[in-house]
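> Below you will find the structure I want to go over with you.
Just so it is clear, none of the values below were taken in a lab; they were calculated from the coordinates. All figures in this text were calculated on a predicted structure; none of them were measured in a lab. Cβ sites come from the backbone with ideal geometry, for glycine too, and all protein chains shown count toward neighbours.
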Amino acid sequence: MGMTRICDTWRQWRSAWREQTPLARTLLDCFPGVAMLIDADGIVLSVNPGFESFSGHPPGALVGRRITCLDMDPLHGDISHALAQSVAGRAPWRGLLLCRRADGQLIHQDAVFQPLETLSGEKLKLLVTLHDITELHQCALQDHAFLERLQGTLAQLPGVVFQLCQSARGDFDFLYLSDGLQALAGLSPRTVMDNANALLTRVHTKDREVLNTSMAQSAISLDIWELDFRLDTPDGVRWIEGRATPQRRHDGLTLWDGLLLDITARKREEQRTRRLVSTDMLTGVLNRRAFFDYAEGVRALATRQQRTVPLAMLDIDHFKVLNDTHGHAAGDLALQVFAMTCRNCLRPYDLFARIGGEEFAVLLVDTSPEEALGVLERLREAVEAIDLDYKGDTLSLTVSLGLSVITPEGSLDLALSQADRALYQAKDAGRNRLALAPDYPGVHAPHEH
């Protein structure tokens, strides 16, 4: 009973299978394009039912003719080359062909030439399929033209458009850089896209830690990345302004889309403006405001390190008499020469400023109270040695100095007040000398002159 049921089921299945349309015929009937069987010489043996609707040629008009009649150049076109390569190599050929429909319209075809297995002695046959991709090709051409215009626009921008990628392990890769990189850093975009370190290692050594920290913060918070940093280029150090918007992808990658701008000229102008704001226009040394700003920073550092900082007030002796006798032009010249002489006696990082009129201030950085006496005594001697020739007259200068210290617990204002009182003691004692504040630590003033 069971065997009978199995046999009945088998007969039903075999009958249903025989009634089905063969798969190969179904594929040919439904193929959205041209399918042809040709021989090794390119003679068309048969075509699929959709041949006419996709090629414009009646099936009977092409069977028995060469497939090259579909080519825009039947004698030397691409179809001949594709057929020859596939036959010679007995291997599939796939590529883009430009064919001509029966109505003369040129269409782009995605073509495949597939050699078929044959028995020994049988002539080689090939299955050829053509799929019309004209619309896709036109879209691709439009996209390409748009990308070329976009690339041209990006190349004209005064900077570099970039896309930077950071992997989950923290490695950086540039996915895109516009052509402006060549002018900015002397590197081709391709070089940097192949190796991000070609650009990253050119970041100024003093700015690398700040750059790494800012990128890490942006990657975590997904806040806009903003940083001004220096870049070492073949043309020297350049200031770069970087701005980029981060985004986190589902695969863990972080992308930044941004812009790099050369702001070297702007930085130079800012530095020039800063110098103008902080510089006494007549003498070229620091002005009162800048002196207080910088001195406060020195004081704060010394306080953390529990160190004292020597501070002196200087006043040109009898300057009013010189001004009244020889005129303001002579007074201005005397101030300039005095300032230059003092500046030459000090180290580049010592603070020297014109506080007002003929009064100046000196802050000796990283200098002990004992060393400060020697520095200021040499300065006093250098001023005393000035012989200024002005309209046939020789003008001599001397300076009185008052010296105090900023203690770790003290303030800048207190030290200036003590130095000022010591300065007036030097003047009362005969000028051209250095006087110390009463609580100046552990040393004595130089001998009077």
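> At a Cα cut-off below 18 Å, give the aspartates and glutamates reachable from Lys125, other chains included and same-chain residues fewer than 8 away excluded.
In chain and number order, the partners are Asp39, Asp41, Glu117.
> So, one more: Can you list the lysines whose alpha carbon is less than 24 Å from that of Lys267, not counting same-chain residues fewer than 8 positions off?
Lys206
> Can you tell me the dipole magnitude for region 20-136 around its Cα centre, using point charges on the Cβ only (Lys, Arg +1; Asp, Glu -1), in Debye to the nearest 20? All intermediate terms of the calculation are to be shown ahead of the outcome.
Details: 9 positive and 13 negative charges, 50 e Å.
That gives region 20-136 a dipole magnitude of about 240 debye.
> Can you sort His250, His328, His57, His137 from fewest to most other Cβ atoms within 10 Å of each residue's own Cβ?
On the way: His250 5, His328 9, His57 20, His137 16.
So the ranking, lowest neighbour count to highest, is His250, His328, His137, His57.
> Let me ask something additional. Label points 7 Å out from Cα along the Cβ direction at Gln151 and Ala88: separation in nm?
Label-label distance for Gln151 and Ala88, simple model: 3.2 nm.
> Further question: For the chain, what does -39500 (n - 2.57) per DSSP helix run (n ≥ 4), summed and divided by total residues, give at 222 nm, in deg cm²/dmol to the nearest 500?
Working: 16 runs with 194 residues, N = 449.
Result for the chain: -13500 deg cm²/dmol, rounded to the nearest 500.
> Please report the relative contact order for the chain, taking Cα pairs under 8 Å with a sequence separation of at least 6, and give it as a percent rounded to a whole number. Before the final figure, lay out the partial values.
Values: 739 pairs, mean separation 36.6, N = 449.
Relative CO of the chain lands at 8 percent.
> With r defined as the distance between the Cβ atoms of Cys30 and Leu222 and R0 fixed at 51 Å, what FRET efficiency is calculated, to the nearest 0.05? Write down the numbers at each step before the final one.
On the way: r = 50 Å, r/R0 = 0.97.
Step by step, r from the Cβ atoms, then E = 0.55.
> Any idea which of His108, Pro58, Gly121 is furthest toward the positive side of the dipole for the chain, if Lys and Arg beta-carbons carry +1 and Asp and Glu beta-carbons -1?
So the residue furthest toward the plus end is Gly121.
> Could you run the Karplus curve 6.51 cos²θ - 1.76 cosθ + 1.60 with θ = phi - 60° over region 211-227 and give me ³J(HN,Hα) per residue in whole Hz, x for Gly and Pro?
4, 4, 5, 5, 5, 5, 5, 5, 5, 7, 8, 6, 7, 4, 8, 9, 6
> Which ordering of Lys125, Lys320 is given by a fewest-first count of other beta-carbon atoms within 10 Å? Present the calculation step by step, with values, prior to reporting the outcome.
On the way: Lys125 16, Lys320 11.
Ranked by crowding around the Cβ, least crowded first: Lys320, Lys125.
> Please list, in chain and number order, the residues 5+ apart from Ile133 or on another chain whose amide H is under 5 Å from its amide H, with Hs placed from the backbone.
Sorted by chain and number, the residues that satisfy this are His108, Gln109, Asp110.
> Using a simple spin-label model with points 7 Å from Cα along the Cα→Cβ vector, what separation in nm is obtained for Gln305 and Ala40?
Result for the modelled spin labels: 9.1 nm.
> Among rounded, prolate and oblate, which fits the chain when a ≥ b ≥ c are the square roots of the eigenvalues of its C-alpha gyration tensor, a/c under 1.5 means rounded, and a/b larger than b/c means prolate? Walk me through the numbers before you get to the answer.
Numbers: a/c = 5.97, a/b = 3.43, b/c = 1.74.
Because a/c hits 1.5 or more and a/b exceeds b/c, the chain counts as prolate.
> Given the C-alpha centroids of region 199-235 and region 92-126, what is the distance between them in whole angstrom?
Centre-to-centre (Cα) distance: 56 Å.
> Please sort 190-200, 34-44 by packing, taking for each peptide the average over its residues of neighbouring beta carbons within 10 angstrom, highest first. Mind showing how you got there, number by number?
Values: 190-200: 15.5, 34-44: 18.2.
Highest to lowest by the protection proxy: 34-44, 190-200.
> Based on Cβ point charges of +1 for Lys and Arg and -1 for Asp and Glu, what charge dipole magnitude is obtained for the chain about its Cα centre, in debye rounded to the nearest 20? Working shown, then result.
Values: 46 positive and 59 negative charges, 331 e Å.
Roughly 1580 debye for the chain.
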